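**Q** Got a structure for you, written out below as structure tokens; questions coming shortly.
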Amino acid sequence: MTVAPRFQLDLDEFVASEYPKVVAAVGLITGSRRDAEDAVQDAIVGYLASSPAREIRNLAAWITVVASNRVRDIQRSRGAESRALAGVGLPAESAELIVDELDIDIVAALQQLPPRQKQVCVLHYLLDHSVVSIAEGLGVSEGTVKTQLHRARKSLAQRLRREDHRG
């Protein structure tokens, strides 16, 4: 990927003078300094990956907004996961212990799933909950849970095949 000289100049200047301030600002806005740093880095990668449709006059402000939105998305996702786990009677700490025991490629593949697919997949395959109990806990139909499980399995199979370095 080649970076246009203007973008590179803006980014070099941003990292040299604004990066720590933006991370701190995103942390203050969202209440999570830990997530702020990751989100700012994601915003920078997004800036480099595809040039914005309009000219960015203040790169620090643009990255602050994009990163803040990213952290809020993460927080909403975590909240939904916590509510789903609580709905089926499982404390979030138990889920963290299970994740620590998983293969890193499986964790990465799970993290890329949409939130609902990730929820039903974790509840069903890792926590051994039935389709019926998941449907009741999430307030959805059994058919919805089965559809989400099917889509998650398909997606995970594709991702894990790509991660299989044996050939």
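The values are calculated or read from the model by the stated rules, or taken from the named source; none is laboratory data. It should be emphasised that the depicted structure is a prediction, and the values quoted were computed from it without experimental measurement. Cβ coordinates were reconstructed from backbone atoms using ideal geometry, including for glycine residues, and neighbour counts include every protein chain displayed.
**Q** Only one of these conditions is not met by GLU101: (1) more than 20 Å from ASP73 (Cβ to Cβ); (2) at pLDDT 80 or above; (3) loosely packed, with under 12 Cβ neighbours inside 10 Å. Which number is it?
**A** Unmet condition: (2).
**Q** List the pairs whose first member sits in the range 106-135 and is hydroxyl-bearing (Ser, Thr, Tyr), whose second member is surrounded by fewer than 19 Cβ atoms within 10 Å (Cβ to Cβ), and whose Cβ atoms are under 7 Å apart, counting only residues at least 6 apart or on separate chains?
**A** Once the first residue is hydroxyl-bearing (Ser, Thr, Tyr) and sits in the range 106-135, its partners that are surrounded by fewer than 19 Cβ atoms within 10 Å (Cβ to Cβ) give SER133/VAL88.
**Q** Let me ask another. Take the range 25-84 and flag every residue that is closer than 19 Å to PHE14 by Cα, of a type in the set (Val, Ile, Thr) and assigned to a helix (DSSP H, G or I).
**A** VAL26, VAL40, ILE44, VAL45, ILE63, THR64, VAL65, VAL66
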